[in-house]
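The values are calculated or read from the model by the stated rules, or taken from the named source; none is laboratory data. Since the structure is predicted, the reported quantities are computational estimates derived from the model, not experimental observations. In this analysis, Cβ positions are derived from the backbone assuming ideal geometry, glycine residues included, and neighbour counts consider all displayed protein chains.
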């Protein structure tokens, strides 16, 4: 796998992380990150991720890879935020 692809995927995960931490329903922090700067940063990271992915792939393929990475990252972050609460309830 090319380095630009790995960087693009890491940037996509970072974009999801920043956006997730701005959500009022996030479970990682007690107080969410201010939404406007976080969303702007998430958008900037998405653009940077797409540029990195498009460096080694065709633009349509880069777009589909980016969307897939964003979906997987958002689901993983939401599940990992809810997991500690689920484990506490079972005990």
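Residue check: is residue 76 modelled with pLDDT of 90 or more and crowded, with 16+ Cβ neighbours inside 10 Å?
For residue 76, the condition - modelled with pLDDT of 90 or more and crowded, with 16+ Cβ neighbours inside 10 Å - is not met.
Quickly run through the stretch 53-63 and pick out the residues that are surrounded by 13 or more Cβ atoms within 10 Å (Cβ to Cβ) and either without any contact (Cβ under 8 Å) to a residue 12 or more places away in the chain or not in a helix (DSSP H, G or I) (or both).
54, 57
Here's the yes/no breakdown for (1) modelled with pLDDT of 95 or more; (2) in contact with a strand residue (DSSP E or B) (Cβ under 8 Å, 6 or more places away or on another chain); (3) surrounded by fewer than 19 Cβ atoms within 10 Å (Cβ to Cβ); (4) within 15 Å of residue 78 (Cβ to Cβ):
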{"site": "12", "(1), (2), (3), (4)": "yes, no, no, no"}
{"site": "15", "(1), (2), (3), (4)": "yes, no, no, yes"}
{"site": "23", "(1), (2), (3), (4)": "no, no, yes, yes"}
{"site": "35", "(1), (2), (3), (4)": "no, no, yes, no"}
{"site": "39", "(1), (2), (3), (4)": "no, no, yes, no"}
{"site": "51", "(1), (2), (3), (4)": "yes, no, yes, no"}
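If you check residue 40 against the conditions, is it in a helix (DSSP H, G or I) and touching a helix residue (DSSP H, G or I) at 6+ places or on another chain (Cβ under 9 Å)?
no
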